[in-house]
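The values are calculated or read from the model by the stated rules, or taken from the named source; none is laboratory data. Computed from a predicted structure; not experimentally measured. Using ideal geometry, Cβ is built from the backbone for each residue, glycine included, and neighbour counts are taken over all protein chains shown. Please note that ligands, DNA and RNA were not included when accessible areas were found on the heavy atoms of the full protein model with its side chains. Shrake-Rupley method; radii C 1.70, N 1.55, O 1.52, S 1.80 Å.
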Amino acid sequence: MAAPRASLRLVAPVWHRGTSGIRGLSKAVDPEGSQRKGRTLLQFLTDRFYDVEAVREYLLRKQVLKVQKKNRSFTYIEERYGPYVAGAYFVLKQGGAVKFRDREWMRANEQGLSSLEFRKLQEVPVEAVDASGCAINYQGLDNLLALKELQSLSLRRCPHVDDWCLGRLYHLADSLQELSLAGCPRISERGLACLHHLQNLRRLDISDLPAVSNPGLTQILMEEMLPHCEVLGADWAQGLKMGPEEQSPDAPSAPPHQAGSRPGCAERPTAHPSGSVGLTQLRGSGWAEGRRA
């Protein structure tokens, strides 16, 4: 359930910090800093590092620290206002949107959210979170798992959400009904197999997952694993081998079919007599390993 664009916009206070950092450091490195105001970033990095690899490691470390800072837990807010406000505060600071029960959507802006408004929402559960494109990672999920009444969660295009993150969503199994993972680059079959705990799901979006090797077959298995859930994603035949009549004339011919099989038909994975899905049909894709986790 995506947040509407025309909505009430609220956010936690924004702190304005001084312009320290690279500009300040450049003056300390250059003894004639007042005379060389036009120093570029590249010149600054050249003075501090000896090779390109050191520059790359420095920038990567800065990026990791920035993501970790964004995903810290707001313990002091949770102790004062409760888990609902703390979870909403975390999402709003990330640039997402939240919806309290019987309230309009709240989205970040520059106005801030006063302590008086926090007190009004202390006992109101959060029922929907739109964190599309936010920098949420494994650590940051601590702020969302306390929302025990959460019904809808959108993690669309979150660059740091991976298979390990999906393994923690079982904490929301009793309430979660809608989940969107579309466009997450780090989610594979192993992580999707962990969603078998979410039997109350009614809508799941797994479209556009580049780490999934066989989208069509994965969607079929998800539908059998979550029989009461509408699974959105690729067409079930996507990623399956085409028959000879469906291949272009320039494409190389496929090996002859085995006896008893119908040429040109991609078979859906069958279920065992016990009712479980034949996971061996995804051998090599990591599905079986993820399901056992």
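Results, tabulated for the structure shown:
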| item | result |
| --- | --- |
| Residues that are open to solvent by less than 40 Å² (accessible area, probe 1.4 Å) and out of contact with any helix residue (DSSP H, G or I) (no Cβ under 8 Å at 6 or more places or on another chain), drawn from region 156-186 | 158, 161, 175, 180, 182, 183, 184 |
| Selection count, region 205-248, where residues are in a loop (DSSP other than H, G, I, E, B), modelled with pLDDT of 60 or more and of a type in the set (S, T, N, Q) | 3 |
| Of the criteria (1) open to solvent by less than 30 Å² (accessible area, probe 1.4 Å); (2) part of a loop (DSSP other than H, G, I, E, B), which one residue 106 fails | (2) |
| Residue match in region 212-233 (condition: in contact (Cβ under 8 Å) with a residue 12 or more places away in the chain, small (Gly, Ala, Ser), crowded, with 19+ Cβ neighbours inside 10 Å and closer than 19 Å to residue 183 by Cβ) | yes |
| Pairs with Cβ under 8 Å, 6+ apart, first in region 124-142 and outside the structural domain of residue 184 (by the TED database) and closer than 17 Å to residue 172 by Cβ, second modelled with pLDDT under 95 and open to solvent by less than 30 Å² (accessible area, probe 1.4 Å) | none |
| Flag for residue 150 being closer than 18 Å to residue 93 by Cα and crowded, with 18+ Cβ neighbours inside 10 Å | no |
| Residue in region 138-147 that is in contact with a Leu (Cβ under 6 Å, 6 or more places away or on another chain) and of a type in the set (A, V, I, L, M) present | no |
| Hits in region 63-77 - residues which are farther than 19 Å from residue 132 by Cα and either surrounded by fewer than 19 Cβ atoms within 10 Å (Cβ to Cβ) or under 17 Å from the mean Cα position of the chain (by Cα) (or both) | 63, 64, 65, 73, 74, 75, 76 |
| Matching residues in region 87-103 - criterion: being among the hydrophobic types (A, V, I, L, M, F, W, C) and either in contact with a Cys (Cβ under 6 Å, 6 or more places away or on another chain) or surrounded by 23 or more Cβ atoms within 10 Å (Cβ to Cβ) (or both) | 88, 90, 91, 97, 98 |
